[in-house]
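One structure coming up, written as structure tokens, with questions to follow.
Values quoted throughout were computed directly from the atomic coordinates according to the rules given, and no laboratory measurement underlies them. Bear in mind the structure is a predicted one, so any value in this text is a computation, not a measurement. A quick note on method: Cβ atoms are made from the backbone with ideal geometry, for glycine too, and the neighbour counts reach across all protein chains shown.
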């Protein structure tokens, strides 16, 4: 078994990586890494934002079942506040890659910046729409984060998290002012910070 990791690293496996949740005012920023199985192709992989919620959930089940390996990595609101959202996104992606049970030969990341990982890595602009593994990562990251928001909605139904998913919609901003800042909020984000400073 000791040689297995080495064998996999030289077999040309590519991990696709993407993150979701940079924009919301609340909750983790979530990244996923996926190594697809060439023997088990999945139809319909693309940018998660182009898919309906139902289709994303269907594909997420298939990805988790068919992929050679997949992993979720997160950075918490307190980490986001400490190191900023860009660095927190990189940290979440790094954690996702490090969580893979299969070592990739190469990593492809959606966007124009790369996390620091122990593999060759490249950034691919709009990669979630171009590369199946990145699309798969965007889907399972999005489904995971949406599930977090549904759980938060169950705890705090008055905030409407199931509807706005933490993004700063006009409805969300009104509810935030009405009910106040929960521990799960990102305190460095403008609307939250202003409210905490009494300027909301």
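Could you tell me which of rounded, prolate or oblate describes the range 1-115, using a ≥ b ≥ c as the square roots of the eigenvalues of the alpha-carbon gyration tensor, with rounded for a/c under 1.5 and, failing that, prolate when a/b is larger than b/c and oblate otherwise?
Details: a/c = 2.24, a/b = 1.28, b/c = 1.75.
It is oblate, given that a/c is not under 1.5 and a/b is not larger than b/c.
Once you order the gyration tensor axes a ≥ b ≥ c over the Cα atoms, which shape class does the chain get: rounded for a/c under 1.5, otherwise prolate or oblate by comparing a/b with b/c?
Here the chain falls in the prolate category.
Taking only DSSP H segments of four or more residues, each worth -39500 (n - 2.57), what value at 222 nm results for the chain once the sum is divided by all its residues, to the nearest 500 deg cm²/dmol? Could the numbers behind the result be given before it?
Values: 9 runs with 90 residues, N = 200.
Helix contribution divided over all residues of the chain: -13000 deg cm²/dmol.
Nearest 10 degrees, 0 to 90: what angle lies between the long axis of helix 53-66 and the longest principal axis of the chain (Cα atoms)?
Here the helix axis deviates by roughly 40 degrees.
Over the chain, what is the percentage of antiparallel beta bridges among all DSSP beta bridges, to the nearest 5?
Working: 13 of 22 bridges.
Within the chain, antiparallel bridges account for around 60 percent of the total.
Would you mind checking the tilt of helix 170-179 against the longest principal axis of the Cα atoms of the chain, expressed as 0 to 90 degrees and rounded to 10?
60 degrees
Then there is this: Under a 10 Å cutoff between Cα atoms, tell me which one of 91, 173, 59 has the largest fluctuation in the Gaussian network model of the chain.
Top of the fluctuation ranking is 173.
Relative to the longest principal Cα axis of the chain, at what angle does helix 132-155 sit, 0 to 90 degrees, rounded to 10?
Roughly 30 degrees, rounded to the nearest 10.
Mind jotting down the distance between the C-alpha centroids of the range 43-64 and the range 134-193, whole Å?
21 Å
Which of 95, 22, 40 moves most in a GNM of the chain, Cα contacts under 10 Å?
Of the options given, 40 has the highest mean-square fluctuation.
Sticking with this one: Describe numerically, in nm with one decimal, the distance between label points set 7 Å from Cα along Cα→Cβ at residue 120 and at residue 171.
4.7 nm
Which residue, 76, 46, 154, tops the fluctuation ranking in a GNM of the chain built on C-alpha contacts under 10 Å?
So, out of 76, 46, 154, the one fluctuating most is 154.
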